[in-house]
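One structure is given here, and the rest of the page talks about it.
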Amino acid sequence: MRFRTKTLSLLLVALMMLSCISVSFQALAAESTEKPAKTAAPEEKLNELFALNISLGTAKPQITVDESDPKYVSQKERVEKCEKAQALYKEILPMYKAMNDSEKDAVDITLALKFLQNGINQEAYDLAVAANPDKPTVTNELKSAGQEKLFEKIGPHTAHDEAIKASEKLWEPVGTRILGKNEVPVFIATYLDFSAYEPAAQVLADFIAAYKAASPMVRRYMDGTTSNTKGYGVTLIGGKLTDIVKTVAQKEMTLDGKKYTEPKPPATDKEATQKWNAANYNHEADLDYDAFLSVTEGLEDLKNVREAVTLLRTGYQDFLATSDVTKAEEGIKAYEALDAYEQLFYSKLTFKSVAFASVNNKGVWSNTQVNTNKLYDKCVDARNNGDTENSKPVTDTPSVPKTAGVVSSAGAAFSVALSAAVVIFAIRRRRDTTE
């Protein structure tokens, strides 16, 4: 009878363990079924390419010294890196073309824009070599042609095509001016005198409307567009929004009469001059900030960045006025809650934010001007009472394997089953001993 009881207990334990492990493996199978394997994204190859620190689209370096020369090793390494970069580029092209729209959307935007920039440069350089092998010269026209060749090689992508269409509004000339002996077109810019070019205000308004109407993915790709190629060529995340903000403020000052009107004191009055400089900066910073709020209103993908900028600015202003860091702490927390892309985006927001005049212990006056992307550092400095050791923003976030939760569940199930087995065996053994 005792033998039968032990046997039944062992069978019960075995069934419990098999049941738990089975459930966990079913979860793993479900994960595999629900998330089919995508076409291999080229991010690994892109990272490998850019880790070489080689810019594509330039003349191949040559070894100009013999092996006995100290420069030989570095020249040889440079040649090998360039050869590897070319090989990786050719390997990436068909990988990119094999991906569909959603898979291309999934490529990290910083890598995607850098790839487009380098790819255009390489294709343009190849065209220049074909046109003049002895003295290849890359022009903006060749870069535009190189972009077309690159797009043929990597296939269509809705987001980067729509980003170009939306950005085209900025590439419409708003007038002409005389440069030397030539008449050249004038385009929207952060330094443009809007009062001199009547169509400029409407062109800017149309572009802002296109920016706001675009999808978040299209807006990300718009950061890579440039008038030089009528397409891609820059990699400044957040740069397009910064340009818009500065240009709106410029329009308001040159067309809408919103310049700072207080007369500037004589240069000999150092205190008054530095206070005027700070006041003028703060006036323009208010215009920038209002433009920032207006452009980002209703854009859910920029909601967190908008909130962080607002809290950091008001927090630092409050610290300057009261020495209280409570609001600055709120700004710090809002910034640190941003994801890696949002923090990178914030780091490129170079429009004006806060300025103040001050005098040192020698009686020398100066003014400190803080752009938006430096507000986090200033708030941390304020909190740390001048300690700048930990004021550098952290944008890297640890990655968590997608299967971590499933593997953890399987391990937990096994642990439960094993614990149950140990308990049952202990109880049985105690009963056997008692009997």
**OP:** List the trypsin sites (Lys or Arg not before Pro) within segment 176-285 that fall in a DSSP loop (any state other than H, G, I, E or B) and whose Cβ has at most 10 other Cβ atoms within 10 Å.
**Re:** Lys181
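Around Val248, with a cut-off of 11 angstrom between Cβ atoms, what is the net charge of the other residues, counting Lys and Arg +1 and Asp and Glu -1? The partial results should precede the final answer.
Working: positive: Lys246, Lys251, Lys258; negative: Asp243, Glu252, Asp256, Asp288, Asp290.
It works out to a net charge of -2.
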**OP:** Please identify which residues in segment 181-214 have an amide N closer than 14 Å to a label point set 7 Å out from the Cα of Lys165, following the Cα→Cβ vector.
**Re:** 210-211, 213-214
Subject >> Rounded FRET efficiency, nearest 0.05, which uses the C-beta distance separating Tyr72 from Gln202 and R0 of 51 Å >> reply: 0.25
**OP:** Evaluate E = 1/(1 + (r/R0)^6) for Thr326 and Asp301, where r is the Cβ-Cβ distance and R0 equals 30 Å; express this FRET efficiency to the nearest 0.05.
**Re:** 0.55
**OP:** With a point put 7 Å past each Cα toward its Cβ, work out how far Lys348 is from Asn53 in nm, to one decimal.
**Re:** 2.2 nm
Subject >> Theoretical gain in end-to-end length, Lys84 to Leu236 [0.36 nm per residue, Cα-Cα removed] >> reply: 52.1 nm
**OP:** Mind checking the full-extension length gain between Thr190 and Asp269? Use 0.36 nm per residue of separation minus the Cα-Cα distance, one decimal, nm.
**Re:** 25.3 nm
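Every number in this text was worked out from the coordinates using simple rules, so none of it is lab data. Bear in mind the structure is a predicted one, so any value in this text is a computation, not a measurement. Note that we place each Cβ from the backbone using ideal geometry, even for glycine, and neighbour counts take in every protein chain shown.
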